[in-house]
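Notes for the one structure printed next.
The values are calculated or read from the model by the stated rules, or taken from the named source; none is laboratory data. None of the values given here were measured: they were computed from a predicted structure. Methodologically, a virtual Cβ is constructed for each residue, glycine included, from the backbone with ideal geometry; neighbour enumeration extends over all protein chains shown. Note: areas computed on protein heavy atoms with side chains; ligands, DNA, RNA excluded. Shrake-Rupley method; radii C 1.70, N 1.55, O 1.52, S 1.80 Å.
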Amino acid sequence: MKKINIILLGIATSLGMATTSCELQSEVYDKISTSVFPKTEADLTSMLVGSVYAPFRSNHYEGLFTVNNRGVQIISDMCTDVATCRWTDTLRYEYLNVNFSTRNNEGSTLIYANNINNVTKMSNFIRICTESDLAPDLKEKAIAEARCGRGWLVYILYDFYGGIQFIDPEAIDKPFMTQNSPRSSAEYTSKFAEEDLIAAAKVLPYTIEHGSNDYGRFTRGTALTVLMHLYMHDKRWSDAAKVGRELMKPEYGYDLVKNYKDIFTMEGEGNKETIFACTEDQGINTQLWLEHVLPGVYPTTNDKIVNKWNGYRMPWNFYHTYDTNDKRLETIAASFVGTDRIKYSEKNPKEVLKLGPLPVKYSEDPSDTGDGSSIDWIVLRFADVLTLQAEALAREAGAPTPEAIALLNRVHERAGLIPYNASDFSGLEQFLDAILLERGHELFFEGWRRSDLIRHGKFIEYAKLYKNSRTAAPHMELFPIPQGFIDEGKGLVIQNPGY
């Protein structure tokens, strides 16, 4: 098959920490003898999928990139100006109102609670793989994949929460030991992710051809794109720019797709713009994007798409920031004639379009039988890199350089818009405002808006202005650590300030 299909395997639980408790609990790691298992490449792949790749899925309601309230991308955008939702239950209230709580198990603490133990699971995989009798080349590649996954996960947790907990290596070697690890500093956490991603990039292939058996695995491009985001988070503009230049080398083969809407189609799978996507297949992994967006009256070609839950919207305020000639509007339904023969629009929204237009973005999957789409769910792509590179270069120089403007124009012109000239910008701030808007127009519901707004110093400002939040405060640039971790830590685990 063309994809590495990520399926949870039973062996995964014996390779890492339990996920049913807030406490970091050691399991009996020595149940697996490295002289007995793994012995073959198939053994190694099974361990790798279960221990490393399992979190990086979009499968119904599972995985870091699920499209429901538990997904990183949805959480990140839903608390910003580019996204809203018709559902205002406790699963989404925190994000829609920027009012984060330490005790809502389905809210801002969720990603930490669900994934902090996966960091240890990946560390334990690396230990087992290192101690195994497998061929050195197999071990080197597997460890690189594990370090890429671990570095990426640590970056996500760092971006959301700041410094995180790393279990003491001694706990892994003492099967019955339990411990509450203190949180590491933000600096240590960032350095940990950086070292993993750099080490992984040295070993992994530049890219993997779509259609090969390995498609869906981490690549050098994956590791470096996450590293670039880490450097942008830490305002290391020069380092970010160096990574951006590396990703533009021909060895990676990345380029923009000619037509924006084609990126998110079955025919567009494996395109040159995609750096990492969650691979989807009917009966194995399927993503539920259209199900979360479409109202029941929205006409679809595939009449088997019966699950239309009428949830996600792009707010009208943000929609109106688009140029009317922007081709990206082809993926946003601001008006349509419903199956009830009513024309819905901003002028006649009824309840369907009251909050905003439909961010349709992904096309229909003709094989969808009502159980989700098998169109690969895109997580990292080259347009993101180009716009980050433009920003990094401008910030490094203190002004919009010709190269930075040209990079921004590659994305801007792809959308059918007139290119920017140097005379369009009075200085750095105006150029940064243009980049922030471009990234919003380009990457809506791809999960970068929150970090972009924080980096530009506008997250709380926009929360008050566009989310009408009465509770947004500067400390909410970080989410809270789950209260259960604080309680069980007995003074050892410190909450983020302000909570």
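Test residue 103 against the stated conditions and say whether it is open to solvent by less than 30 Å² (accessible area, probe 1.4 Å), of a type in the set (D, E, K, R) and modelled with pLDDT under 95.
Details: open to solvent by less than 30 Å² (accessible area, probe 1.4 Å): no; of a type in the set (D, E, K, R): yes; modelled with pLDDT under 95: yes.
So residue 103 does not fit the description; no.
In segment 303-313, which residues are at pLDDT below 95 and either closer than 13 Å to residue 78 by Cα or open to solvent by less than 30 Å² (accessible area, probe 1.4 Å) (or both)? Once the filter is applied, which keeps residues that are at pLDDT below 95 and either closer than 13 Å to residue 78 by Cα or open to solvent by less than 30 Å² (accessible area, probe 1.4 Å) (or both), segment 303-313 yields only 305.
Can you name the residue in segment 28-52 that is of a type in the set (D, E, K, R) and open to solvent by 60 Å² or more (accessible area, probe 1.4 Å) and is also modelled with the highest pLDDT among such residues? So that I can check it myself, show each step before the final result.
Keep residues of segment 28-52 that are of a type in the set (D, E, K, R), which gives 30-31, 39, 41, 43.
Still in the list and also open to solvent by 60 Å² or more (accessible area, probe 1.4 Å): 30-31, 39, 41.
Values: 30: 40, 31: 45, 39: 79, 41: 88.
Per the stated criteria, the residue is 41.
In segment 126-148 there is no residue matching the filter, namely being surrounded by 24 or more Cβ atoms within 10 Å (Cβ to Cβ) and under 13 Å from the mean Cα position of the chain (by Cα). Go through segment 73-100 and give me each residue that's open to solvent by 10 Å² or more (accessible area, probe 1.4 Å), under 19 Å from residue 474 (Cβ atoms) and under 19 Å from the mean Cα position of the chain (by Cα). Within segment 73-100, just 81 meets the criteria.
For segment 344-364, check the following and say yes or no: at least one residue is surrounded by 22 or more Cβ atoms within 10 Å (Cβ to Cβ) and in a helix (DSSP H, G or I). No; the residues of segment 344-364 include none that is surrounded by 22 or more Cβ atoms within 10 Å (Cβ to Cβ) and in a helix (DSSP H, G or I).
Only one of the numbered conditions (1) in contact (Cβ under 8 Å) with a residue 12 or more places away in the chain; (2) surrounded by fewer than 18 Cβ atoms within 10 Å (Cβ to Cβ); (3) not small (Gly, Ala, Ser) is violated by residue 324, and that is (1). Residue under question is residue 283, and the condition is that it be within 30 Å of residue 220 (Cα to Cα), surrounded by fewer than 19 Cβ atoms within 10 Å (Cβ to Cβ) and not hydrophobic (A, V, I, L, M, F, W, C); does it hold? Yes: the conditions hold for residue 283. Among the candidates 170, 131, the residue that is farther than 22 Å from residue 45 by Cα and either at pLDDT 95 or above or of a type in the set (D, E, K, R) (or both) is uniquely 170.
Please verify whether residue 256 is open to solvent by less than 10 Å² (accessible area, probe 1.4 Å) and either touching a Gly at 6+ places or on another chain (Cβ under 9 Å) or more than 25 Å from residue 146 (Cβ to Cβ) (or both), treating the condition exactly as stated.
Working: open to solvent by less than 10 Å² (accessible area, probe 1.4 Å): no; either touching a Gly at 6+ places or on another chain (Cβ under 9 Å) or more than 25 Å from residue 146 (Cβ to Cβ) (or both): yes.
For residue 256, the condition - open to solvent by less than 10 Å² (accessible area, probe 1.4 Å) and either touching a Gly at 6+ places or on another chain (Cβ under 9 Å) or more than 25 Å from residue 146 (Cβ to Cβ) (or both) - is not met.
Residue-level check: of (1) buried (at least 19 other Cβ atoms within 10 Å of the Cβ); (2) free of Cβ contacts under 8 Å to residues at least 60 places away in the same chain; (3) in contact with a Gly (Cβ under 6 Å, 6 or more places away or on another chain); (4) not small (Gly, Ala, Ser), residue 316 misses just (1).
Checked against (1) surrounded by 15 or more Cβ atoms within 10 Å (Cβ to Cβ); (2) closer than 26 Å to residue 355 by Cα, residue 433 meets all criteria but (1).
Pairs meeting the criteria (first residue in segment 141-158 and without any contact (Cβ under 8 Å) to a residue 60 or more places away in the chain and within 15 Å of residue 189 (Cα to Cα), second residue aromatic (Phe, Trp, Tyr) and open to solvent by 10 Å² or more (accessible area, probe 1.4 Å), beta carbons under 6 Å, at least 6 apart or on different chains) are 154/192. Selection over segment 431-467 of residues that are touching a residue at least 24 places away in the same chain (Cβ under 8 Å), over 17 Å from residue 320 (Cα atoms) and assigned to a loop (DSSP other than H, G, I, E, B) gives a count of 4.
Which ones in segment 394-416 are small (Gly, Ala, Ser) and open to solvent by 10 Å² or more (accessible area, probe 1.4 Å)? Break it down stepwise before answering.
First, the residues of segment 394-416 that are small (Gly, Ala, Ser): 394, 397-399, 404, 406, 415-416.
397, 398, 399, 406, 416 - these are the residues of segment 394-416 that are small (Gly, Ala, Ser) and open to solvent by 10 Å² or more (accessible area, probe 1.4 Å).
Given the criteria surrounded by 20 or more Cβ atoms within 10 Å (Cβ to Cβ), over 18 Å from residue 449 (Cα atoms), touching a helix residue (DSSP H, G or I) at 6+ places or on another chain (Cβ under 9 Å) and acidic (Asp, Glu), does residue 368 qualify? Yes, satisfied. Within segment 411-421, being out of contact with any Ser or Thr (no Cβ under 9 Å at 6 or more places or on another chain) and either hydrophobic (A, V, I, L, M, F, W, C) or farther than 12 Å from residue 442 by Cα (or both) holds for 415, 416, 417, 418, 419, 420, 421. Would you call residue 293 within 16 Å of residue 224 (Cβ to Cβ), at pLDDT 95 or above and open to solvent by less than 30 Å² (accessible area, probe 1.4 Å)? No; evaluated as a whole, the condition is false for this residue.
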